[in-house]
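Asks: I am attaching a structure below and will ask some questions about it afterwards.
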Amino acid sequence: MGVNLLKNLRIWNNEDCPCGSRKRYIDCCKTKGHQPQELSKKPPNVQIMEMMRKSMAKCCMHPEQENCKGKIKGAHALQNNKIISLIAGSDRHVYMLDPKKQPLLIPRKNGKTEMIIEVKKTSANDATTETCFCDLHDNTAFAIIEKGAPDFDESNEEMKFVYAYKAFIFEYYKQRMGIDVFRASFAKQPVAFKSFMMVGMYRMLQFKIREFEPIKEHFDRELIAKEYSGIETCVVRIPEQIKCAAYMYIAPDYDLDGNKIKHTVKGVMHRLAVTVFPEDSQSYILLSCLKSETPIYERLFSQLKSYPIDKIKFYMSMFLPLYSENMVLSPTLWNAWDDKTKMAYTFYANLNGRDMVVYSKYIGMGLRNAAKSKTGYDYRNRSKIDLFV
């Protein structure tokens, strides 16, 4: 283990205490023990997951919070009446990974506990909701893509901006809440929460927030000015109504030919805001970044604009399940998969950390092998997890 990695896996005396007190760690929680009433047999990461399910704060993420009106509501990251309704079953339910429900705790041979979040049948009204916008700003900020708005128009810069903003801000909200929950947990049990694993989680949350803040500042400025600029969006049109939808803010590791994407520059990861959604007779995949980040994703965007649709579907079916925390599946798609495929999807959806890196490399290898096939790979032969059945 390198010196820099070790440096990130301990709490230093003179840094701000992880409890959020703004005092130095040495002057705050370093010498505290457990609070007896808070002792738990569950691993700290499981405790944080459970606290997040119960403690997602209600707050409006819009930059003009001084103008907030109405309740902080369960806002949909994917519009209920314009996207989710198209893939919901007749009983108005969809399937999704639901971190708000109790995870399974699977004991492993090494004595550790594996936490598995299952794919569950979920009401369309509850799918992809977070309490992160007031009534006023939920209605005004996203009006151009909500119920009653026209179908997606790829020449409309405001539409592309708002889709990108929505994918980003819902993920920002979860990261913001994550670090707040960690701080509250650390204040109660600093001994348990300063293990290598938990400090690693804390550092990851810190890094993400630092990386997200400049993006949020750009979106906030444009929203206030009503300019909707500075965003580059690659639009992929699928010529049929797909049976899934998703939003995510991610940094894919490989392009369609399996070439490594150098998305991390000077220690800063540059991500894409991705939205996948159906319409009545076609579907779209939108991938957006700041215009200043376009050189990082220029080759990927070029491929998505020029490669055959079957190769694009092959690619999306390979990499989207790795980031499927915010993916919604129709009952038709979920029930078209056999049990092994459902288990594989759930497995991919729960990957994180080093395991996710390993499987991402496998995907990159698969993409390269297909691209270099001397006989010409038939991209209609997609992986077992086929999102375009």
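The values are calculated or read from the model by the stated rules, or taken from the named source; none is laboratory data. None of the values given here were measured: they were computed from a predicted structure. No Cβ is skipped: glycine too gets one built from the backbone with ideal geometry, and neighbour counts run over all protein chains shown.
Asks: Can you name the residue in the stretch 142-156 that is out of contact with any Phe, Trp or Tyr (no Cβ under 7 Å at 6 or more places or on another chain) and in contact (Cβ under 8 Å) with a residue 24 or more places away in the chain and is also surrounded by the most Cβ atoms within 10 Å (Cβ to Cβ) among such residues? Full working, then the answer.
Replies: Quick first cut of the stretch 142-156, residues out of contact with any Phe, Trp or Tyr (no Cβ under 7 Å at 6 or more places or on another chain) only: 142-144, 146-151, 153-156.
This time we only want the ones that are in contact (Cβ under 8 Å) with a residue 24 or more places away in the chain, so: 142, 146-147, 149, 151, 154.
Numbers: PHE142: 19, GLU146: 17, LYS147: 10, ALA149: 15, ASP151: 12, GLU154: 14.
Here the answer is PHE142.
Asks: Could you check the stretch 289-320 and list, in sequence order, the residues that are free of Cβ contacts under 8 Å to residues at least 24 places away in the same chain and surrounded by 21 or more Cβ atoms within 10 Å (Cβ to Cβ)?
Replies: none
Asks: Follow-up question, since we're still on this one. Filtering the stretch 326-345 down to residues that are surrounded by fewer than 17 Cβ atoms within 10 Å (Cβ to Cβ) and hydroxyl-bearing (Ser, Thr, Tyr), which residue is farthest from GLY200 (Cα to Cα)?
Replies: THR332
Asks: Next question, about the same structure. Tally up the residues in the stretch 72-95 that are farther than 16 Å from ASP280 by Cα and surrounded by 14 or more Cβ atoms within 10 Å (Cβ to Cβ), please.
Replies: Counting residues in the stretch 72-95 that are farther than 16 Å from ASP280 by Cα and surrounded by 14 or more Cβ atoms within 10 Å (Cβ to Cβ) gives 9.
Asks: So, one more: Please count how many residues of the stretch 333-389 are within 19 Å of ALA246 (Cα to Cα), assigned to a helix (DSSP H, G or I) and either over 23 Å from the mean Cα position of the chain (by Cα) or not assigned by TED's automatic domain parsing to the domain that holds MET316 (or both).
Replies: 2
Asks: If ASP253 satisfies all but one of (1) at pLDDT below 95; (2) surrounded by 16 or more Cβ atoms within 10 Å (Cβ to Cβ); (3) of a type outside the set (A, V, I, L, M), what's the number of the condition it fails?
Replies: (1)
Asks: A further question follows. For TYR323, indicate whether it is among the aromatic types (Phe, Trp, Tyr), closer than 26 Å to SER155 by Cβ, surrounded by 19 or more Cβ atoms within 10 Å (Cβ to Cβ) and in contact (Cβ under 8 Å) with a residue 40 or more places away in the chain. Before you say what the answer is, go through the steps one by one.
Replies: Values: among the aromatic types (Phe, Trp, Tyr): yes; closer than 26 Å to SER155 by Cβ: no; surrounded by 19 or more Cβ atoms within 10 Å (Cβ to Cβ): yes; in contact (Cβ under 8 Å) with a residue 40 or more places away in the chain: yes.
Taking the combined requirement at face value, the residue does not satisfy it.
Asks: Test PHE301 against the criterion of being in contact with a Cys (Cβ under 6 Å, 6 or more places away or on another chain) and more than 24 Å from THR129 (Cα to Cα), and give yes or no.
Replies: Values: in contact with a Cys (Cβ under 6 Å, 6 or more places away or on another chain): yes; more than 24 Å from THR129 (Cα to Cα): yes.
Judged against the criteria, PHE301 is a match.
Asks: Looking for something assigned to a strand (DSSP E or B), over 22 Å from PHE388 (Cβ atoms) and over 16 Å from the mean Cα position of the chain (by Cα) - is there at least one such residue anywhere in the stretch 284-292?
Replies: yes
Asks: Would you mind stating whether ILE215 is outside the structural domain of ASN352 (by TED's automatic domain parsing), within 30 Å of PHE314 (Cβ to Cβ) and assigned to a helix (DSSP H, G or I)? Can you show your working first?
Replies: Values: outside the structural domain of ASN352 (by TED's automatic domain parsing): yes; within 30 Å of PHE314 (Cβ to Cβ): yes; assigned to a helix (DSSP H, G or I): yes.
Yes: the conditions hold for ILE215.
Asks: Among the residues in the stretch 322-333, are any modelled with pLDDT of 95 or more and closer than 23 Å to TYR377 by Cβ?
Replies: Within the stretch 322-333 (the criterion being modelled with pLDDT of 95 or more and closer than 23 Å to TYR377 by Cβ), the answer is no, since none of the residues qualifies.
Asks: Quick one: MET201 ticks every box in (1) surrounded by 15 or more Cβ atoms within 10 Å (Cβ to Cβ); (2) at pLDDT 90 or above; (3) under 23 Å from SER324 (Cβ atoms) except a single one, so which number is it?
Replies: Looking at each condition in turn, MET201 falls short on (2).
Asks: Hey, can you tell me all the residues within the stretch 17-29 that are surrounded by 14 or more Cβ atoms within 10 Å (Cβ to Cβ) and either outside any loop (DSSP other than H, G, I, E, B) or at pLDDT below 90 (or both)? Quick ask: steps written out before the conclusion?
Replies: Going residue by residue through the stretch 17-29, those that are surrounded by 14 or more Cβ atoms within 10 Å (Cβ to Cβ) are 17-21, 24-26, 28-29.
Within the stretch 17-29, ARG24, TYR25, ILE26 meet the criteria.
Asks: Among the residues of the stretch 146-197, how many are over 23 Å from ALA225 (Cβ atoms) and over 25 Å from the mean Cα position of the chain (by Cα)?
Replies: Counting residues in the stretch 146-197 that are over 23 Å from ALA225 (Cβ atoms) and over 25 Å from the mean Cα position of the chain (by Cα) gives 10.
Asks: What is the number of the single condition among (1) free of Cβ contacts under 8 Å to residues at least 40 places away in the same chain; (2) part of a loop (DSSP other than H, G, I, E, B); (3) crowded, with 19+ Cβ neighbours inside 10 Å that MET159 does not meet?
Replies: Only one criterion is unmet by MET159, namely (2).
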